[in-house]
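Undergrad: The structure follows.
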Amino acid sequence: MPEQYASVIIDISHEKVDRPFQYRVPAAMREEITAGCCVSVPFGRGNTPRKGYVIGLSSQAEIEEARIKDIAGIVAEEESVERSLIRLAAWMRERYGGTMIQALKTVLPAHKKMKSLEQRAVRLALSREEAEALLAECTKKHHLARARLLEALLQTADGVLPYTLVTGKLHIAAQNIRGLKEKGILAVDTTSIYRNPVSDRVRGAGEEARKQLSEEQTHVIADMMKRFEQGDLRPSLLHGITGSGKTEVYIRLIEETVRQGRQAIVLIPEIALTYQTLLRFYRHFGDRVSVMNSTLSPGEKYDQFRRAREGEIDVMIGPRSALFTPFRSLGLIIIDEEHEMTYKSETAPRYHARETAIARASLAEGGAMVLLGSATPSLEAYTAARTGRYQLYTLTKRLTGGTLANVRIADLRAELKAGNRSPFSRDLTMLLTDRLQRGEQAMLFLNRRGLHSFLSCRSCGYVFRCPHCDVSLTEHRGGKLVCHYCGYTEAAVKICPSCASPYVSAFKAGTQQMEEELKKRFPTARVMRMDADTTRTKNSYEEILSAFADYKADILVGTQMIVKGHDFPLVTLVGVLAADLSLNIQDFRAAERTFQLLTQAAGRAGRGERPGEVVFQTYEPEHFAILASAAQDYARFYEEEMLYRSMLKYPPAAHMLAVFLFSPSEEAALSFAKRLRARLEKADAALPAEERAILIGPTPARVSFVEDVYRFALYVKQGSVERLVALRGLLEKEEVPANVSVQFDTDPMRTL
């Protein structure tokens with residue numbers, strides 16, 4: 001019989017061993033070892049036992065036979081993984097960098113075997129006649145504990161009671177149970193059960209009435225299923241205005257997928273959205289749906305992946321980690337609110353869930369559909385739809401038949417001139433008073449996303465910006481304003497260059513201050529706050545959202561987590577307290593993020609039968625992102641923003657690689673950064689000018705010195721993602737100085 005060899009990735013996250021090593025498969029293990037298997041192998045000169053993953057099998061030796069070592073054994077406590085997930089890890093390593101073991105650990109988030117949760121029950125081992133006779137004897141002899149237990153067991157139909165009920169409510173000591181068991185009177189049965197992360201509140205919600213589909217919804221569902229049958233597996237983008245019924249489309253598509261014997265993954269951007277989304281799906285699919293998020297215990301995570309692997313659930317809901325649910329017959333991946341930044345991983349491999357989901361669907365047996373949904377699609381997804389790489393569907397009408405909320409823009413410059421220095425404009429104060437009198441609810445959103453120390457004029461709204469990069473300048477100590485894209489520097493001033501006002505400062509406000517101000521201004525109002533401080537515990541998101549949905553508060557004030565994906569019929573007013581704040585972060589995506597946040601915020605008002613109103617408070621009422629979100633006009637925003645991206649070659653007009661460098665030595669970090677830039681310039685020297693990469697930097701990072709470590713950034717823009725990946729590969733081969741560390745991020749969502 002010919003020899004068999006396995007290619008094994010060693011479980012060590014280091015670039016020098018980030019490649020397959022070939023091992024001989026002992027004859028006794030040939031039937032057990034497959035791709036995806038976790039094995040123990042001797043590694044290095046000392047033959048140290050190491051854990052590794054089999055990524056392929058072969059009958060050909062790649063090195064001398066004498067140098068090939070045998071696999072020592074199979075790691076029993078590890079779970080095998082589907083071959084497609086191994087291939088997905090390899091794709092992620094190629095596209096996003098990092099090491100293969102980092103990619104494998106990402107697609108195997110719950111691979112460590114956990115002890116099963118056990119449930120015990122006490123069962124009568126006698127006939128009912130024998131038990132009744134024994135009960136009479138125990139009563140006569142005043143054996144009260146035994147009598148109490150026997151009586152309770154006889155009152156059940158099957159003579160079985162939960163062990164915890166017997167020891168708890170009936171107060172029967174464990175030693176008494178053991179004594180009765182030894183005498184053959186009782187038996188204690190132990191069964192393994194799955195940990196269920198779905199809360200009792202969700203499980204007790206009951207079924208949801210089936211909703212009548214609109215003509216637009218019906219078309220989307222029918223056309224997607226038709227395309228799937230015809231083998232058209234292009235990703236689909238569902239662009240639906242807020243309240244247009246995207247979730248109902250998801251549910252119907254999942255029903256069709258499950259009916260065909262396949263499974264579905266539903267990705268949501270944040271834990272805060274889990275509760276309401278899970279409630280809708282649980283009412284349709286019951287125990288065949290589960291949830292995955294970072295608040296689950298290791299045991300809960302392990303059980304959910306085990307349930308998926310063994311075919312006991314059909315639908316998994318969760319943030320991006322749920323993408324790697326080991327379904328054996330995956331048929332559909334849905335990414336709700338696909339524009340959200342949280343779909344991009346900030347640790348290696350720095351993958352984006354959108355592209356990774358498409359790759360996973362292509363690797364699924366028989367192929368799988370991918371549906372991206374949003375009221376404010378990312379420019380990347382919408383561009384792909386316009387160019388035909390994705391199929392575009394639209395939902396243009398609200399299911400309630402109502403119209404989108406009326407949006408007012410409150411000019412904070414005018415408020416200041418009128419003597420109003422409170423955080424609430426006159427319009428917002430008037431509308432809050434009206435809603436409280438009518439018994440309706442309001443949500444106040446403090447747009448704190450990406451708050452940095454940029455300067456603006458409180459009189460005219462002027463923002464100090466870089467003349468070369470069209471991003472705000474960051475205030476540094478020592479009286480300097482710095483651009484961290486190109487290094488441009490200018491002196492900070494205390495007088496506005498536009499209107500000569502002395503009111504030049506950074507915006508400082510927080511949800512807690514807003515909550516206190518609301519209680520002072522509206523003392524009878526019930527105010528609830530939702531932010532990072534109030535949502536630290538495991539069930540805090542659900543508890544706050546449930547309380548607000550049950551009308552236990554009049555006003556909910558919070559950060560961005562309150563304005564996305566929620567549906568509260570009594571909310572008829574939404575106030576955005578600093579609509580332009582996210583416009584001035586030092587990021588080329590600032591306008592896009594602002595438009596998305598404001599449009600999503602406006603969509604929370606008037607989702608029931610009552611009309612809604614929205615107030616945007618801003619110092620920049622003429623900015624195109626503010627105006628487009630007020631009109632909820634995505635097309636207008638897209639055209640103007642893409643013109644800017646095309647001119648400056650930012651994604652999606654081109655692809656971008658961010659290279660971040662860290663070192664306790666400023667000179668070492670900057671010197672190596674310049675060396676990397678020189679390497680890139682040399683690699684592109686033979687190309688025509690129009691095909692060369694555009695290089696920016698190296699420049700100090702936005703926060704350039706943290707915990708005694710200097711930070712620099714180098715940005716690479718390139719029209720071809722394949723060429724960009726090749727350039728990253730060249731940089732990865734450069735020998736990094738001992739006191740410098742480097743990180744690569746392909747098409748980053750954040751800048752350093």
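The values are calculated or read from the model by the stated rules, or taken from the named source; none is laboratory data. Here the structure is a predicted model, which is why all the values come from computation and not from measurement. Here the Cβ is made from the backbone with ideal geometry for all residues, glycine too, and neighbour counts use every protein chain on show.
Undergrad: Kindly indicate whether Leu648 is at negative phi, at pLDDT 95 or above and among the hydrophobic types (A, V, I, L, M, F, W, C). Explain how you work it out, then say what you get.
TA: Values: at negative phi: yes; at pLDDT 95 or above: no; among the hydrophobic types (A, V, I, L, M, F, W, C): yes.
For Leu648, the condition - at negative phi, at pLDDT 95 or above and among the hydrophobic types (A, V, I, L, M, F, W, C) - is not met.
Undergrad: Taking the criterion of being among the basic types (Lys, Arg), out of contact with any Leu (no Cβ under 6 Å at 6 or more places or on another chain) and closer than 24 Å to His239 by Cβ, would at least one residue in region 293-309 satisfy it? Give the steps one after another, and end with the answer.
TA: Just the residues of region 293-309 that are among the basic types (Lys, Arg), to begin with: 301, 306-307, 309.
With out of contact with any Leu (no Cβ under 6 Å at 6 or more places or on another chain) added as a condition, the list becomes 301, 306-307, 309.
From what is left, the residues that are closer than 24 Å to His239 by Cβ are none.
No; the residues of region 293-309 include none that is among the basic types (Lys, Arg), out of contact with any Leu (no Cβ under 6 Å at 6 or more places or on another chain) and closer than 24 Å to His239 by Cβ.
Undergrad: Next up: If we keep just the residues of region 516-527 that are surrounded by fewer than 20 Cβ atoms within 10 Å (Cβ to Cβ) and not basic (Lys, Arg), which is nearest to Gln617 (Cα to Cα)? Walk me through it before giving the result.
TA: Of all residues in region 516-527, those surrounded by fewer than 20 Cβ atoms within 10 Å (Cβ to Cβ) come to 516-517, 519-527.
The next check asks that each one be not basic (Lys, Arg); those that pass are 516-517, 522-525, 527.
Numbers: Glu516: 19, Glu517: 16, Phe522: 19, Pro523: 23, Thr524: 24, Ala525: 22, Val527: 20 Å.
Per the stated criteria, the residue is Glu517.
Undergrad: Right, here's the next one. So, Leu323, is that one within 26 Å of the chain's Cα centre (by Cα), assigned to a strand (DSSP E or B) and of a type outside the set (Val, Ile, Thr) or not? Give the steps one after another, and end with the answer.
TA: Working: within 26 Å of the chain's Cα centre (by Cα): yes; assigned to a strand (DSSP E or B): no; of a type outside the set (Val, Ile, Thr): yes.
No, not satisfied.
Undergrad: Further question: Could you please tell me which pairs satisfy a Cβ distance under 6 Å, a separation of 6+ or placement on different chains, a first residue in region 371-387 that is at negative phi, and a second residue that is of a type in the set (Phe, Trp, Tyr) and not in a helix (DSSP H, G or I)?
TA: The qualifying pairs are Ala384/Tyr390.
Undergrad: What number of residues within region 219-244 satisfy the criterion of being surrounded by 14 or more Cβ atoms within 10 Å (Cβ to Cβ) and in a helix (DSSP H, G or I)?
TA: Matching residues across region 219-244 total 8.
Undergrad: Taking the options Ala410, Ala375, Ala418, Ala442, name whichever one is over 30 Å from Thr751 (Cα atoms) and in contact with a Ser or Thr (Cβ under 6 Å, 6 or more places away or on another chain). Please lay out each step first, then the result.
TA: Values: Ala375 fails: over 30 Å from Thr751 (Cα atoms); Ala418 fails: in contact with a Ser or Thr (Cβ under 6 Å, 6 or more places away or on another chain); Ala442 fails: in contact with a Ser or Thr (Cβ under 6 Å, 6 or more places away or on another chain).
Unique residue meeting the criteria: Ala410.
Undergrad: Check off (1) at pLDDT 85 or above; (2) of a type outside the set (A, V, I, L, M, F, W, C); (3) surrounded by 14 or more Cβ atoms within 10 Å (Cβ to Cβ) for Tyr194 and give me the number that stays unchecked.
TA: (1)
Undergrad: Kindly check whether there is at least one residue in region 537-556 that is under 30 Å from Ser297 (Cα atoms), touching a His at 6+ places or on another chain (Cβ under 7 Å) and either outside any loop (DSSP other than H, G, I, E, B) or in contact (Cβ under 8 Å) with a residue 12 or more places away in the chain (or both).
TA: yes
Undergrad: May I ask you to verify whether Arg702 is farther than 18 Å from Gly729 by Cα, under 27 Å from the mean Cα position of the chain (by Cα) and not in a loop (DSSP other than H, G, I, E, B)? Before the answer, list the steps.
TA: Working: farther than 18 Å from Gly729 by Cα: yes; under 27 Å from the mean Cα position of the chain (by Cα): yes; not in a loop (DSSP other than H, G, I, E, B): yes.
In short, yes.
Undergrad: Using beta carbons and a limit of 8 Å, which pairs, at least six apart or on different chains, have the first residue in region 420-432 and small (Gly, Ala, Ser) and the second one part of a helix (DSSP H, G or I)?
TA: Matching pairs, first to second residue: Ser422/Thr429; Ser422/Glu517; Ser422/Arg521; Ser425/Leu412; Ser425/Glu415.
Undergrad: Is there a residue being touching a Lys or Arg at 6+ places or on another chain (Cβ under 9 Å), at pLDDT 85 or above and basic (Lys, Arg) anywhere in region 590-604?
TA: Yes: one or more hits.
Undergrad: Right, something else. Is it the case, given these coordinates, that Arg307 is free of Cβ contacts under 8 Å to residues at least 12 places away in the same chain, farther than 30 Å from Ala631 by Cα and surrounded by fewer than 23 Cβ atoms within 10 Å (Cβ to Cβ)? Break it down into steps so the answer makes sense when it comes.
TA: Numbers: free of Cβ contacts under 8 Å to residues at least 12 places away in the same chain: no; farther than 30 Å from Ala631 by Cα: yes; surrounded by fewer than 23 Cβ atoms within 10 Å (Cβ to Cβ): yes.
Here the answer is no, as Arg307 does not meet what is asked.
Undergrad: Out of Val721, Val709, Val703, which single residue is in contact with a Pro (Cβ under 8 Å, 6 or more places away or on another chain), outside the structural domain of Gln586 (by TED's automatic domain parsing), more than 14 Å from Val659 (Cβ to Cβ) and among the β-branched types (Val, Ile, Thr)?
TA: After ruling out the rest, the residue left standing is Val709.
Let's see how each residue does on (1) of a type in the set (A, V, I, L, M); (2) under 24 Å from Cys483 (Cβ atoms):
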residue	(1), (2)
Ile694	yes, yes
Pro698	no, yes
Val709	yes, yes
Leu714	yes, yes
Val721	yes, no
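Undergrad: What pairs come out if I take residues in region 519-532 that are free of Cβ contacts under 8 Å to residues at least 12 places away in the same chain and within 18 Å of Leu431 (Cα to Cα) and pair them with residues that are surrounded by 16 or more Cβ atoms within 10 Å (Cβ to Cβ) and of a type in the set (Val, Ile, Thr) whose C-beta lies under 6 Å away, six or more apart or interchain?
TA: Once the first residue is free of Cβ contacts under 8 Å to residues at least 12 places away in the same chain and within 18 Å of Leu431 (Cα to Cα) and sits in region 519-532, its partners that are surrounded by 16 or more Cβ atoms within 10 Å (Cβ to Cβ) and of a type in the set (Val, Ile, Thr) give Lys519/Val527.
Undergrad: Evaluate region 52-66: report whether one residue or more is aliphatic (A, V, I, L, M), in a loop (DSSP other than H, G, I, E, B), modelled with pLDDT under 90 and surrounded by 12 or more Cβ atoms within 10 Å (Cβ to Cβ). Lay out the reasoning, then the answer.
TA: Start the filter on region 52-66 by keeping residues that are aliphatic (A, V, I, L, M), which leaves 54-55, 57, 61, 63, 66.
Remaining after also requiring in a loop (DSSP other than H, G, I, E, B): 61, 63.
If we keep only those that are modelled with pLDDT under 90 too, we end up with 61, 63.
Filter once more, so that each one left must be surrounded by 12 or more Cβ atoms within 10 Å (Cβ to Cβ): 61.
Yes, because at least one residue in region 52-66 is aliphatic (A, V, I, L, M), in a loop (DSSP other than H, G, I, E, B), modelled with pLDDT under 90 and surrounded by 12 or more Cβ atoms within 10 Å (Cβ to Cβ).
Undergrad: Tell me whether region 679-692 contains one or more residues that are modelled with pLDDT under 95 and closer than 22 Å to Leu379 by Cβ.
TA: The answer is no; no qualifying residue exists.
Undergrad: Hey, Val615 hits all of (1) within 18 Å of His239 (Cα to Cα); (2) crowded, with 24+ Cβ neighbours inside 10 Å but one; which does it fall short on?
TA: Single failed check for Val615: (1).
Undergrad: Determine if region 635-651 includes at least one residue that is of a type in the set (Gly, Ala, Ser) and touching a Leu at 6+ places or on another chain (Cβ under 7 Å). Spell out how you get there, then give the answer.
TA: Let us first name the residues in region 635-651 that are of a type in the set (Gly, Ala, Ser), namely 635, 646.
Okay, now just the ones that are also touching a Leu at 6+ places or on another chain (Cβ under 7 Å), so none.
No.
Undergrad: Moving to a separate point now. Check region 268-288 and report whether any residue there is outside any helix (DSSP H, G or I), under 24 Å from Arg83 (Cβ atoms) and in contact with a helix residue (DSSP H, G or I) (Cβ under 7 Å, 6 or more places away or on another chain).
TA: Going through region 268-288, the residues outside any helix (DSSP H, G or I) turn out to be 268-270.
In the following step, the residues that additionally are under 24 Å from Arg83 (Cβ atoms) were identified as none.
So far as region 268-288 goes, no, none of its residues is outside any helix (DSSP H, G or I), under 24 Å from Arg83 (Cβ atoms) and in contact with a helix residue (DSSP H, G or I) (Cβ under 7 Å, 6 or more places away or on another chain).
Undergrad: On to the next question. Just wondering, is there one or more residues in region 537-548 that are in contact with a Ser or Thr (Cβ under 7 Å, 6 or more places away or on another chain), polar (S, T, N, Q) and surrounded by 18 or more Cβ atoms within 10 Å (Cβ to Cβ)?
TA: There is no residue in region 537-548 that is in contact with a Ser or Thr (Cβ under 7 Å, 6 or more places away or on another chain), polar (S, T, N, Q) and surrounded by 18 or more Cβ atoms within 10 Å (Cβ to Cβ).
Undergrad: Filter region 561-594 for residues that are closer than 23 Å to Cys483 by Cβ and among the hydrophobic types (A, V, I, L, M, F, W, C) and give the result.
TA: To start, the set of residues in region 561-594 that are closer than 23 Å to Cys483 by Cβ comprises 578, 580-594.
Ala578, Leu581, Leu583, Ile585, Phe588, Ala590, Ala591, listed by residue number.
Undergrad: While we're on this one: Quick one: how many residues across region 395-431 are within 35 Å of the chain's Cα centre (by Cα), surrounded by fewer than 12 Cβ atoms within 10 Å (Cβ to Cβ) and of a type outside the set (Val, Ile, Thr)?
TA: Residues flagged as within 35 Å of the chain's Cα centre (by Cα), surrounded by fewer than 12 Cβ atoms within 10 Å (Cβ to Cβ) and of a type outside the set (Val, Ile, Thr) within region 395-431 amount to 1.
Undergrad: Can you name the residue in region 11-31 that is in contact with a strand residue (DSSP E or B) (Cβ under 6 Å, 6 or more places away or on another chain) and either modelled with pLDDT under 85 or part of a loop (DSSP other than H, G, I, E, B) (or both) and, of all such residues, is surrounded by the fewest Cβ atoms within 10 Å (Cβ to Cβ)? Give the derivation first.
TA: At the first step, the residues of region 11-31 found to be in contact with a strand residue (DSSP E or B) (Cβ under 6 Å, 6 or more places away or on another chain) are 11, 17, 20-26.
Next, from what is left, pick out any that are either modelled with pLDDT under 85 or part of a loop (DSSP other than H, G, I, E, B) (or both): 11, 17, 20, 25-26.
Details: Asp11: 17, Val17: 17, Pro20: 17, Val25: 19, Pro26: 13.
Checked region 11-31; the qualifying residue surrounded by the fewest Cβ atoms within 10 Å (Cβ to Cβ) is Pro26.
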